[in-house]
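Visitor: Right, I'll just put the structure down here and ask away after.
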Amino acid sequence: MKTVSGVPDPKHVSTSYVERQNLNMRMSMRRFTRLTNGFSRKVENHGHAVALYFAYYNFCRVHQTLRVTPAMEAGLSDHVWSAEELISLLPETVAKKRGPYKKRDQISN
């Protein structure tokens, strides 16, 4: 991977794009707002949710200013993906086999 660095002109430096992206993410995913039940208990689950959000944002959602998806604008895709198409990329998981249930009188308090 090539590292890009330089000395940007302070007159053209703006954080508005990053701040807008952060706002979009906070407003679209409730797990980024405080005092909500939609939080992730595991960091791994949080990472998966963020990855799914950005995949949807870039491949499925038509942006108003672009009139296409960002992936189409960048030449990565030739059509708007459906949610089913996006989910079909996920590997199938096999549920773990659970052990036998204990009867209520066997559960120690």
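None of the figures in this text is laboratory data; all of them are computed from the coordinates on show. This one's a predicted model, so the numbers in the text were calculated from it and none came from an experiment. A quick note on method: Cβ atoms are made from the backbone with ideal geometry, for glycine too, and the neighbour counts reach across all protein chains shown.
Visitor: Can you pull the one-decimal nm distance between simple spin-label points at residue 80 and residue 18, each 7 Å off the Cα toward Cβ?
Guide: 3.1
Visitor: For the chain, take the longest principal axis of its alpha carbons; what is the angle in degrees between that and the long axis of helix 16-28, to the nearest 10 within 0 to 90?
Guide: Here the helix axis deviates by roughly 30 degrees.
Visitor: Where does helix 43-59 land angle-wise versus the long Cα axis of the chain, in degrees 0 to 90, nearest 10?
Guide: Helix 43-59 sits at roughly 40 degrees to that axis.
Visitor: What net charge is computed for the residues neighbouring residue 50, neighbours being all others with C-beta under 14 Å from the C-beta of residue 50, Lys and Arg scored +1, Asp and Glu -1?
Guide: Local net charge: +3.
Visitor: Would you kindly calculate the translational diffusion coefficient of the stretch 17-88, applying Stokes-Einstein with the Kirkwood radius from alpha carbon pairs, for 10 °C and a viscosity of 1.306 mPa s, and quote it in µm² s⁻¹ without decimals?
Guide: In µm²/s, the coefficient is 118.
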